[in-house]
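For reference, the structure is listed below as structure tokens.
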Amino acid sequence: MSTVVTISGGGIIGNYISARLHANGIDTKVVEKNKNSKHQSEKVRTLTLNPYSKKLLDEIGIEVPIAEIKYIRVIDGEGTGAIDFNSNEIHEENLSYVVFFNDLLNALQEKEVSRTIFENELIQINEDINDYFCEVTLKDKTKHSSVFVAGCDGRNSNVAKLSSFNLKSADYGQTAITFTANIEKDNDKEAYQVFSDRGIFAVMPCPLSNHESTHTIVWSIENKNIENGISIEEYAEENLAYFENKLKMKINACSSFLSFGLKNHYFENYISGSTVLIGDAAHSIHPLAGQGINLGFADADAFCEEVIEGYKSRMRMNKDLVLKRYEIRRKQMNLLMLRSMDFFVEIFRSKNLAIKLLRNYGLSGVNKINFLKTFFINHASGKNKL
Ligand SMILES: Cc1cc2nc3c(=O)[nH]c(=O)nc-3n(C[C@H](O)[C@H](O)[C@H](O)COP(=O)(O)OP(=O)(O)OC[C@H]3O[C@@H](n4cnc5c(N)ncnc54)[C@H](O)[C@@H]3O)c2cc1C
């Protein structure tokens, strides 16, 4: 069987694509630059999967510990505006599911280990070997041919560099910190988000068995607040009380703090010849709505559907059509999500009184208009699929 897709990057998205295509009789090869080792779970970094991403994982038999979110309350910390989301409003059991990043990565990597070449990477993509197959050269000088090359190698995609894709990027001037905390509250399926001058602060349940009081916190802070010798830990210690007060709950940090600089990026095109960008290789957004991995799953789903469709319908699929259809389905949707996140960051950053008043009315207003709320939740849940 000849390889249909060479996948650069054995992360969550690259391994998912490999597993889904393999389940449909389509051969893949994954090239991962890191060595084959289980990622120790620090039980701190989490991902929020929407119901559609979870369904995609269920379908390929991936099971990891999850915490369910049924209800989300979003609060304007500087005013009185608030908006509530409830899974009943979209007739879903839950709004989203929290998993530990490394649990999910390990499960997917284990599933695809026999199809993965570890500690290697692409150094060249040759489009011209014949009119159907292209050829990649790896660092160890071996050559492999396939119909497509999928760049699933994250934000600094090697495939994007090798194929000279046109990068657009902007720095948010913010740092995200994440840690776990013990919080006593009545309902363990609730999540909260506060937008304020002191950052965007999200509290979500955590998938730790027998530890229902453990929650995960993702907090985006303006870089200017943690300059001049102020450490992240010092800033957190000084400002946690503000969020305790807003949320009326005691928050006791119980893990180390992980931090990430926040930037967005996207490409003007996702395809070049036989090469295609998918997931964080193609785009990254602000983590405020926890949608990064869900956009990656939506990309992977569309790409797999087009390849499977093309593979079933002909002896030789129309590869240009497969890629074009994928790009049309995903590029504008991803850009819309990126622009929406940027809009939220900017209006909640604004010191302008008129904008502050508007956002207060805006949140409370949307809270009262059911069809608008349903539109937002359906979008975030992955139901609005092209
Ligand atoms: C603070 C923070 C919080 C976040 N929270 C959320 C959240 O709550 N919900 C959510 O949906 N998303 C969240 N995200 C985003 C989410 O983590 C990413 O969208 C997701 O990890 C992207 O998966 P990926 O497989 O596309 O890329 P990656 O996870 O970056 O995987 C890329 C893979 O490619 C490999 N690789 C890299 N270079 C090469 C190379 N040259 N050759 C071969 N292999 C290579 C890497 O080793 C890795 O295995 C968050 C991000 C941050 C920074």
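The values are calculated or read from the model by the stated rules, or taken from the named source; none is laboratory data. Values in this document were obtained by computation on a predicted structure and should not be read as measured data. Neighbour counts are summed over all protein chains in view; Cβ atoms, including those assigned to glycine, are modelled from backbone coordinates with ideal geometry. Side chains are part of the model used for accessible areas, which takes the heavy atoms of the whole protein and leaves out ligands, DNA and RNA. Shrake-Rupley method; radii C 1.70, N 1.55, O 1.52, S 1.80 Å.
Using a cutoff of 8 angstrom between alpha carbon atoms and counting only pairs six or more residues apart, the relative contact order for the range 146-278 works out to 42 percent. Classified by the C-alpha gyration tensor, the range 99-158 has a prolate form. Its axis ratio a/c, with a ≥ b ≥ c, is 1.5 or above, and a/b is larger than b/c.
Its residues counted as N, the range 253-334 yields a C-alpha radius of gyration over 2.2 N^0.38 Å of 1.36. Each residue of the range 171-176 was assigned a 3J(HN,Hα) from its phi angle through the Karplus curve 6.51 cos²θ - 1.76 cosθ + 1.60 (θ = phi - 60°); the sequence is 8, 6, x, 10, 10, 9 Hz, with glycine and proline shown as x.
The label point for R155 and the one for S2, both projected 7 Å from the Cα toward the Cβ, are 3.8 nm apart.
Please find, in a Gaussian network model of the chain (springs between Cα atoms separated by less than 10 Å), the residue of Y16, Y97, Y132 whose mean-square fluctuation is greatest. Between Y16, Y97, Y132, it is Y132 that shows the largest mean-square fluctuation.
In order along the range 150-165, phi translates into HN-Hα couplings of 9, x, 10, 9, x, 4, 9, 3, 5, 4, 4, 5, 4, 9, 6, 6 Hz, rounded to whole numbers, per the Karplus curve 6.51 cos²θ - 1.76 cosθ + 1.60 with θ = phi - 60° and x for Gly and Pro.
If I take R0 = 35 Å and measure r between the Cβ atoms of S255 and T137 in this structure, what FRET efficiency does the formula 1/(1 + (r/R0)^6) give, to the nearest 0.05? Efficiency, rounded to the nearest 0.05: 0.25.
A 1.4 Å probe run over the chain, with the rest of the protein chains in place, finds 46 Å² accessible per residue. For the chain, which whole percent of the accessible surface, found with a 1.4 angstrom probe, sits on carbon and sulfur atoms? For the chain, the apolar C and S fraction of the accessible surface comes to 51 percent. Length gained on full extension, K185 to K35: 49.9 nm, using 0.36 nm per residue less the C-alpha separation. Calculated FRET efficiency, N223 to Q124, Cβ-Cβ distance, R0 = 35 Å: about 0.40 to the nearest 0.05. Sorting 233-246, 174-187 by average packing, meaning the other beta carbons within 10 Å per residue, from highest down gives 174-187, 233-246. Extension gain for Q332 to E89 (0.36 nm times residue separation, less C-alpha to C-alpha distance): 84.8 nm.
Per-peptide packing, taken as the mean over residues of other Cβ atoms within 10 Å, places 191-200, 220-229 in the sequence 191-200, 220-229 from highest down. Please label the shape of the range 1-71 as rounded, prolate or oblate, based on the square roots a ≥ b ≥ c of the eigenvalues of the alpha-carbon gyration tensor (a/c under 1.5 means rounded; beyond that, a/b larger than b/c means prolate, else oblate). In terms of gyration-tensor shape, oblate.
Considering all C-alpha pairs of the chain, those separated by over 32 Å amount to 35%.
Diffusion coefficient (Stokes-Einstein, Kirkwood radius over C-alpha pairs, 10 °C, 1.306 mPa s) for the range 20-175: 83 µm²/s, rounded to a whole number. Multiplying the residue separation of I60 and D27 by 0.36 nm and removing their Cα-Cα distance gives an extension gain of 10.3 nm. Hydrophobic, long helices, defined as DSSP H runs whose alpha-carbon span along the helix axis is 30 Å or greater and whose mean Kyte-Doolittle value is at least 0.0, occur in the chain at 292-313. The D197 and E110 beta-carbon pair, evaluated with R₀ = 41 Å, returns a calculated FRET efficiency of approximately 0.40.
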